[in-house]
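What follows draws every value from the coordinates through simple rules; no lab data is involved. Since the model is a prediction, treat every value here as computed from it, not as a measurement. No Cβ is skipped: glycine too gets one built from the backbone with ideal geometry, and neighbour counts run over all protein chains shown.
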Amino acid sequence: MDCDCAEVNCPVGATLELIGGKYKALILWHLIDTTLRFGELRKRIPQATPKMLTGQLRELEKANLVIRTVYAVVPPKVEYTLSDSGKSIKPILETMYAWGADYLKDKGLEASCSMTTRT
């Protein structure tokens, strides 16, 4: 997905277009402060099919939020890490997590997902 940010000219719309995919925020969350291989991301986001996870990673890479590094070894080794742009979204994700946790609490529900609070 290309960001039509220049056409939209809406900061919130641009942000949602870039991270609004079904698993994009989770992928970004799990890559904060770490580098992970595809299989490790699959374990952390088990509800994502391999095809969906691959597509979301490609879109994040195309948006320059994620860096994909391929190592020429057998079997192939691919690692994902956040770019500087991707790292800059950390406070937004943390705020979204806090807001969502409060919202769920107000509804009498407990947060229960692959995201955990960060300190």
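Does any residue of the range 17-32 turn out to be more than 18 Å from S114 (Cα to Cα) and crowded, with 19+ Cβ neighbours inside 10 Å?
yes
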query = Taking the range 90-115 only, how many residues are assigned to a loop (DSSP other than H, G, I, E, B), surrounded by 10 or more Cβ atoms within 10 Å (Cβ to Cβ) and not small (G, A, S)?
reply = 3
task = Could you list all residues from the range 29-47 that are farther than 14 Å from R68 by Cβ and under 12 Å from the mean Cα position of the chain (by Cα)?
result = W29, H30, I32, R44, I45
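Would you check if E59 is free of Cβ contacts under 8 Å to residues at least 40 places away in the same chain and not hydrophobic (A, V, I, L, M, F, W, C)?
No: the conditions fail for E59.
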remark   = When the range 42-80 is checked residue by residue, the ones that are polar (S, T, N, Q) and crowded, with 16+ Cβ neighbours inside 10 Å are Q56
query = Is the range 32-54 home to any residue that is in contact with a Gly (Cβ under 8 Å, 6 or more places away or on another chain), closer than 18 Å to I19 by Cβ and of a type outside the set (D, E)?
reply = no
task = Scan V66, V73 and give me the residue that is closer than 17 Å to L36 by Cα, more than 15 Å from the chain's Cα centre (by Cα) and of a type in the set (V, I, T).
result = V73
task = Inspect all residues belonging to the range 71-86 and state whether any of them is basic (K, R) and closer than 24 Å to T116 by Cα.
result = no
Spans of helices (runs of 4 or more DSSP H) in the range 1-89 with at least 1 residues hydroxyl-bearing (S, T, Y) = 11-19, 50-62, 84-87
request  = Identify, by number, the condition in (1) without any contact (Cβ under 8 Å) to a residue 60 or more places away in the chain; (2) under 23 Å from E94 (Cβ atoms); (3) surrounded by 13 or more Cβ atoms within 10 Å (Cβ to Cβ) that C10 doesn't meet.
outcome  = (3)
ask   = Of the numbered conditions (1) touching a residue at least 24 places away in the same chain (Cβ under 8 Å); (2) over 12 Å from the mean Cα position of the chain (by Cα), L93 satisfies every one except a single condition; which is it?
value = (2)
note = Per the filter on the range 76-89, residues within 17 Å of R42 (Cβ to Cβ) and under 12 Å from the mean Cα position of the chain (by Cα) are Y80, T81
